1. For the range 344-385, which positions are surrounded by fewer than 21 Cβ atoms within 10 Å (Cβ to Cβ), touching a residue at least 40 places away in the same chain (Cβ under 8 Å) and either at positive phi or part of a loop (DSSP other than H, G, I, E, B) (or both)?
2. For the range 581-635, give me the residue count where each residue is free of Cβ contacts under 8 Å to residues at least 40 places away in the same chain and among the β-branched types (Val, Ile, Thr).
3. For the range 30-94, please list each of the helices (runs of 4 or more DSSP H) lying entirely inside it that holds at least 3 residues being β-branched (Val, Ile, Thr).
4. Going by the conditions given, is Ser167 among the polar types (S, T, N, Q) and farther than 24 Å from Glu349 by Cα?
5. So, in the range 263-304, how many residues would count as being aliphatic (A, V, I, L, M) and closer than 30 Å to Ala225 by Cα?
6. Here are the criteria: (1) under 30 Å from Gln596 (Cβ atoms); (2) in contact with a Lys or Arg (Cβ under 9 Å, 6 or more places away or on another chain); (3) surrounded by fewer than 23 Cβ atoms within 10 Å (Cβ to Cβ); (4) modelled with pLDDT under 95. Tell me which single one Asp270 does not satisfy.
7. Name every residue in the range 553-580 that is farther than 30 Å from Asn369 by Cβ and touching a strand residue (DSSP E or B) at 6+ places or on another chain (Cβ under 9 Å), in order of residue number.
8. Checking Leu114 against (1) farther than 30 Å from Phe401 by Cβ; (2) part of a helix (DSSP H, G or I), which test does it fail?
Amino acid sequence: MYQQLQCNLADLSGVFQMADISQYVLPNDIGVCLLDCETAFNALTPHERLYSHYLSQACWYGGLIVLIQSPGIYILIQKIFRSQPVEDLQKKALQNGLSEDEFQAFIVYCAGFLSNMGNYKSFGDSKIIPNLPKEKFEMLVMCSAAAQADVVGIQKLWTAVRDNMFSLSDKQRELGLGKKGTTTYFSANCNAEDAKIAQEFMISKDLSPYNTRLFKVEDPQTKQATYQIRLASSEEGAGDVPDCGCILGDHQFKPEGSEAPITFQISRGDYSKLMGLVADNLEKTRKYSSNELERSMLTEYIRSFRTGSIPAHKEGSKFWIKNKGPVVESYIGFIESYRDPNGLRGEFEGFVAVVNKKMSAKFAALVENAEHMLALLPWPVTYEKDQFLRPDFTSLDVLTFGGSGIPAGINIPNYDDIRQDLGFKNVSLGNVLTAGYKDTKITFMQEEDKELYTKLKIPSFEMHVGLHELLGHGSGKLFKQRLEESEQKKKMAHSIFDIDVVTHTETGEKIKSWYKHNETWDTKFSTLSSTYEECRAECVGIYLCLAADVLKIFGHVGKEADDIIYINWLNMARSGLLALEFYSPETRQWRQAHMQARFVILRALLEAGDDLVKIHKFVAEDGKEDIVLTLDRAKIHPVGKPAIGALLRKLQLNDLRTVCHNRALILAIVRSGSLHNCRVNSTGGGAYRAVVVSKFSGECVYRPYYRYLSSYMENVWVVQMMTCCILLALINIPRFPFEYVFSQNSLPPQFSKCTTDQLKHRCEHLKRIRKKTVVSSSGICCCRKRSRLWCVTTI
């Protein structure tokens, strides 16, 4: 593990072998977290309890949508446990040959399935399989009271789910799109190219993807593809979708670069029965609402869930933001896009919680001082909103959370236009934080740090969550155009920022691109958007925790304040190390946005130098190799703060061109593990040239690199790393038509007219020249010749 942090992240594929079953089972001694909400619920009035009850029912019914990934397993589990008490089931299992450990493994699997609302982890997206043999699992199923009452039905259900339940085929190990995994947001025959075409169409129709799924149907004779976009709603059939017009039905669309139009069919009624139950319970909830804002909010939610209208949900969200300080807090809908392989479609979730007044007072004080704290961040005032819209920030004790997993904090809604113009709300889920963030085993840490870490992890994390949600996700301005109606009644695009004043934080030049009125952060940067934003918020959390005023708000002064800072930074560095668990070498994909972000931060801290963070390899008492991570607390301010500040300035760039460059930066950090001496060349002056060999013709094509940034924005990036210019390509995008790339200030003459086969031969030749060649498993071969560095990248 130690060696991997010193080399290219792609080299991890050489360390982790094929799927190890232990990565996909839950251990029998896994902990169980109990959320204490009895006191909070008992403090409610009868009216408030009924409001909470019906709202919770809506959340639970909506949460069942998540189970569409594996509904048969859920039904089987429900039938077994509804038919008899656990004690009786255990007795029957032991009588039929199962051991105590095997029965415990069955119980743990079922609990893990229900906790994650499916057989894929909500945090990490890898599959969960039972930790007992298939035949033993079957034996338990068939000896249950459910099977005794309906042997044919249970046998049929078991036969339908058993192979999928235990399968660890390449496609089923984790969530993903196409060959990289499994998903129910797309039909099985969809790939990244289909997702891109569909998104291009939806942008043209100003249709949000949050509550949609995509299915591709091919004509068996013509092989012509038709795309079906299904909106989640209780209503089915034709009709208008509120604020979306006559969007339902067939549409002809010609994607960019396509010679012929493609048929899109938009329909509604996806999850219709469950959406109907959600809306019905919201109708009952409305009778017990406390004010007009809550009634208006619920009315719009109901309209959205019945008709499939995301604009209606956005209207409901506006009323929700205006409803400050309710006793019972909630939010419901298709919210977070972490689990969509394309990073756009929302997973249904809904929560109901009661305000914790004591902890909320600290967050309220943080909100009161937000403008002062924002001024401490390392970017110009032009990169902040003209006026900070003070949000509601409360600590909540969760009563209900319907969805695949419960976070420690939330910053919502995720609609960019609402966040810019009206604001947002922050919530810290207090009883989740205290119950779920207790390490039973502390790894990769010095013995002298473990006691302090155990003592201060929760208070330091409470502070970090506050900074992460309020000033991390809540800071910054989206450089965007909006449509406004002119005196001539024409829709005109106007920028919501001063083009003449805002300059690039790194080059000092005026910014040259921005978001169009119908573009959002998610739609432009899809799978990268969550990682990028979480990295920015995490950096803000550790950067601002150094401020004495922040520490005082949470009651930390003197030596305790220093200890809180140390534990917060140490926890972040250790989290970056733990993040490697969430990287899949087989697919070269990260399975969790937060963990990918934390790995980037760890790389930044390691590359900051001066031994700020060190990773030591040693042999433990059991004779096995182990590692320990250390942080020099004396260097947090002089070394760590400037390093995170520099990373934040790059992350804060919010116009399209600079975000593209920062995507290259993220890829450089994540793939090559390098930040020090790494700069993205953003001048666009054509100083560097590249030669690209076409996969199809074998001919060389010369172009200035900056043409690629505009022509292949999603596919290729140029990064100047120390003395060489490396062309990094995203290998997972099928439309990228190049096999080999050479780049250098001046191209070696012997490469100018090479065919593809000749280039392959040259690449193999370079690999054989060990003394003069540095070979990286990422595909980059560098051959030093006459003090120059030639680079060849296999795509």
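The values are calculated or read from the model by the stated rules, or taken from the named source; none is laboratory data. Model, not experiment: these values are computed from the prediction. Cβ placement follows ideal geometry from the backbone for every residue including glycine, while neighbour counts extend to all protein chains displayed.
1. Asn356, Asn369, Leu376, Pro378, Trp379, Pro380, Glu384, Lys385
2. Residues that pass the stated criteria total 1.
3. Result: 71-83.
4. Yes; evaluated as a whole, the condition is true for this residue.
5. 3
6. Of (1) under 30 Å from Gln596 (Cβ atoms); (2) in contact with a Lys or Arg (Cβ under 9 Å, 6 or more places away or on another chain); (3) surrounded by fewer than 23 Cβ atoms within 10 Å (Cβ to Cβ); (4) modelled with pLDDT under 95, only one is false for Asp270: (4).
7. Leu577, Ala579
8. Leu114 satisfies all of (1) farther than 30 Å from Phe401 by Cβ; (2) part of a helix (DSSP H, G or I) except (1).
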